[in-house]
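Read through the structure below, which is laid out as structure tokens, and then see the notes.
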Amino acid sequence: MLSIIQAAGWPIWPLILCSVLALAFVIERFIQLKPARILSPRLVDDAIGVSRHAVPGPDIIDRLARHCAQGEVLAAGWRALHENPRCSPAEMRAAMQSAGRQVAHRLERYLPALATIASAAPLLGLLGTVVGMIEIFGSQAPSGALTGGNPAQLAHGISVALYNTAFGLIIAVPALIFWRYFRARVDGYVLALELAAERFARHLETLCPNAVAMAEAAP
């Protein structure tokens, strides 16, 4: 491996950095985008059951928010009603939408960087190819005949050109595949969160009058 890096010349180092970053982003996204961290199949039903007659206390709200990303969105609706019993349905939905945007932003973390690597790696490989071609032409004799030049420099220029082109493609293709995979996965999660939030919001709208009545009856 070291001999390949030496043969590829200095243009290979930016590509190696891109490969390390891409691998780190892929591993991090696999960990953070596990289904258990985002969604829970029974969470909406459980939350509706707990708040069927009234908004629960802060401890239960915080526990729901820490459960998963879906719980964070649902807890925003509870929190809006708990902090302001006179909260209108529109205000409650706005709080859940704000929490949903924050969750969606976290789900998309590092995806733009991964897409940038997928786009930049072939260009960096092309840069290495150009550098190798420059070395090839620099190895020629003043007369322009390749046979009169430096064979070692000629071979090195060819190695730089070919290795960097190959490395650029080797990095770009998996990065593009993983970016598209994670992009589709995030879109699916966001859709599931929107559907769950809409169902929970319809339930919480029935609690708004109860919350107002409880606030008016409080001493």
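Looking at H105, H67, which one is at pLDDT 90 or above and surrounded by fewer than 16 Cβ atoms within 10 Å (Cβ to Cβ)? So that I can check it myself, show each step before the final result.
Details: H67 fails: surrounded by fewer than 16 Cβ atoms within 10 Å (Cβ to Cβ).
Going through H105, H67 in turn, just one is at pLDDT 90 or above and surrounded by fewer than 16 Cβ atoms within 10 Å (Cβ to Cβ): H105.
What's the number of the only condition in (1) in contact with a Ser or Thr (Cβ under 7 Å, 6 or more places away or on another chain); (2) at pLDDT below 85 that G125 fails to meet?
(2)
Restricted to segment 35-64, and to residues that are small (G, A, S) and surrounded by 14 or more Cβ atoms within 10 Å (Cβ to Cβ), which residue is farthest from R185 (Cα to Cα)?
S51
Can you name the residue in segment 40-49 that is in a loop (DSSP other than H, G, I, E, B) and free of Cβ contacts under 8 Å to residues at least 12 places away in the same chain and is also nearest to H203 (Cα to Cα) among such residues? Spell out how you get there, then give the answer.
Residues of segment 40-49 in a loop (DSSP other than H, G, I, E, B): 40-42.
So of that shortlist, the ones also free of Cβ contacts under 8 Å to residues at least 12 places away in the same chain come out as 41-42.
Numbers: P41: 17, R42: 15 Å.
Here the answer is R42.
Can you confirm whether I12 is aliphatic (A, V, I, L, M), on the phi < 0 side of the Ramachandran plot and surrounded by fewer than 17 Cβ atoms within 10 Å (Cβ to Cβ)?
Values: aliphatic (A, V, I, L, M): yes; on the phi < 0 side of the Ramachandran plot: yes; surrounded by fewer than 17 Cβ atoms within 10 Å (Cβ to Cβ): no.
Judged against the criteria, I12 is not a match.
Would you check which residues across segment 149-199 are among the basic types (K, R) and without any contact (Cβ under 8 Å) to a residue 24 or more places away in the chain and list them?
R180, the sole residue that qualifies.
Take V26 and tell me if it is farther than 30 Å from A161 by Cα and either touching a residue at least 60 places away in the same chain (Cβ under 8 Å) or buried (at least 20 other Cβ atoms within 10 Å of the Cβ) (or both). Spell out the reasoning first.
On the way: farther than 30 Å from A161 by Cα: no; either touching a residue at least 60 places away in the same chain (Cβ under 8 Å) or buried (at least 20 other Cβ atoms within 10 Å of the Cβ) (or both): yes.
Taking the combined requirement at face value, the residue does not satisfy it.
Of all residues in segment 79-92, count the ones that are surrounded by fewer than 21 Cβ atoms within 10 Å (Cβ to Cβ) and in contact (Cβ under 8 Å) with a residue 40 or more places away in the chain. Give the derivation first.
Here is the first cut: in segment 79-92, the ones surrounded by fewer than 21 Cβ atoms within 10 Å (Cβ to Cβ) are 82-86, 88-91.
Retained after the next criterion (residues that are in contact (Cβ under 8 Å) with a residue 40 or more places away in the chain): 85-86, 88-89.
The number of residues fulfilling the criteria is 4.
The values are calculated or read from the model by the stated rules, or taken from the named source; none is laboratory data. Predicted model, so just to flag it, every value in this text is computed and none were measured. Heads up, the Cβs are rebuilt from the backbone with ideal geometry, glycines too, and the neighbour counts pull from every protein chain shown.
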